[in-house]
Amino acid sequence: MSEGGDNYLSPAYAQGLQDITQENKAYFIVDEVQTGVCQTGTFWAHEQWNLRDAPDFVTFAKKMQACGFYHNENTRMTTPFRHMNTFMGDPVRALLCSEQNKVIKEDCLSELAAETGAFLSEKLIALSKRFPE
């Protein structure tokens, strides 16, 4: 929700939502613009939902240093040249993204985000109990 605040999906809710999309032959699309790239303690927030199947599409931007999406094998185009782009995207952004992801892995930033987030969450919950109003 961005400026509306962070509202986290529970794994049960996300799994149920995925079931509904599959039952209705709709795509399960996860928007990771705000939550992707280690913001939640895993590289993608949806990794914490214990989904039975990968999302059909995942969108990303901002922290990835590039905007885009990826998708599963079932949504792959079957005919070539159906999706045109501006000369194969932006090579500078692709290079930045690649280097950023190396640093994330080498410096264990996902783990650091998970530890820091757990610490902060624990302290905020304690404060909210102490000062409920």
Restricting the first residue to the stretch 59-71 and requiring it to be small (Gly, Ala, Ser) and surrounded by fewer than 16 Cβ atoms within 10 Å (Cβ to Cβ), which pairs with a second residue that is assigned to a strand (DSSP E or B) and at pLDDT 85 or above meet a Cβ separation below 7 Å and a spacing of at least six or different chains?
68/60
For the stretch 85-103, give me the residue count where each residue is surrounded by 10 or more Cβ atoms within 10 Å (Cβ to Cβ), at negative phi and modelled with pLDDT under 75.
1
Taking the criterion of being loosely packed, with under 10 Cβ neighbours inside 10 Å, over 21 Å from residue 116 (Cβ atoms), more than 11 Å from the chain's Cα centre (by Cα) and not aliphatic (A, V, I, L, M), would at least one residue in the stretch 27-50 satisfy it?
no
Step by step: first the residues of the stretch 104-133, then only those that are of a type in the set (A, V, I, L, M, F, W, C) and surrounded by fewer than 12 Cβ atoms within 10 Å (Cβ to Cβ), then the one that is farthest from residue 62 (Cα to Cα). Which residue is that?
131
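The values are calculated or read from the model by the stated rules, or taken from the named source; none is laboratory data. On a predicted model such as this, the values are computed, not experimentally measured, just so you know. Reconstructed Cβ throughout: ideal geometry from the backbone, glycine too, with neighbour counts over all protein chains shown.
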